[in-house]
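Engineer: Take this structure first; my questions come after.
The values are calculated or read from the model by the stated rules, or taken from the named source; none is laboratory data. A quick note: this is a predicted structure, and the numbers were derived from the prediction, not measured. Methodologically, a virtual Cβ is constructed for each residue, glycine included, from the backbone with ideal geometry; neighbour enumeration extends over all protein chains shown.
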Amino acid sequence: MAEDSVPVPVPSSTNTAPLGHSVIPIVNKLQDIFAQLGSQSTIELPQVAVVGSQSSGKSSVLEALVGRDFLPRGSDICTRRPLVLQLIQTKRKPDGTDDEWGEFLHLPGKRFFDFNEIRREIQV
């Protein structure tokens, strides 16, 4: 294998994990790479778009998919811009709990473990 090559996972008949468990990490990595390269580099990746009129429940749909309350709420327009969510499944800790955090492309490397802080960052 050349020094600059990247190993590609090969499906195995002994792999009993559902397809999504092997594909999602690859899709997430591709999304990260293409986000860094800019808009000239595109690839069709699985996506979900939530579209609707004001106060029609778009944010509620996203929160239901994520399983956490993290989006701004109120009687006025709260989510004022497009929001890209990337969900990554991590391994459970030995005590059976999960690490959950949010990151933003404009703050690389900074993890938000408090979902109220995530809400505030979205509102900024």
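Engineer: Pairs please, first residue from segment 39-54 and modelled with pLDDT under 85, second anywhere and of a type in the set (S, T, Y) and not in a loop (DSSP other than H, G, I, E, B), Cβ atoms under 8 Å, 6+ apart in sequence or on different chains.
Structural biologist: Correct list of pairs: empty, since none qualify.
For (1) of a type in the set (A, V, I, L, M); (2) closer than 25 Å to D32 by Cβ; (3) without any contact (Cβ under 8 Å) to a residue 12 or more places away in the chain; (4) out of contact with any helix residue (DSSP H, G or I) (no Cβ under 7 Å at 6 or more places or on another chain), each residue gets a yes or a no:
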{"position": "V61", "(1), (2), (3), (4)": "yes, yes, yes, yes"}
{"position": "R68", "(1), (2), (3), (4)": "no, yes, no, no"}
{"position": "K91", "(1), (2), (3), (4)": "no, yes, yes, yes"}
{"position": "G102", "(1), (2), (3), (4)": "no, yes, no, no"}
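Engineer: Could you list all residues from segment 55-81 that are modelled with pLDDT of 75 or more, part of a loop (DSSP other than H, G, I, E, B) and closer than 25 Å to L30 by Cβ? Quick ask: steps written out before the conclusion?
Structural biologist: To start, the set of residues in segment 55-81 that are modelled with pLDDT of 75 or more comprises 55-73.
Within this subset, residues satisfying the condition of being part of a loop (DSSP other than H, G, I, E, B) are 55-57, 67-73.
Within segment 55-81, G67, R68, F70 qualify.
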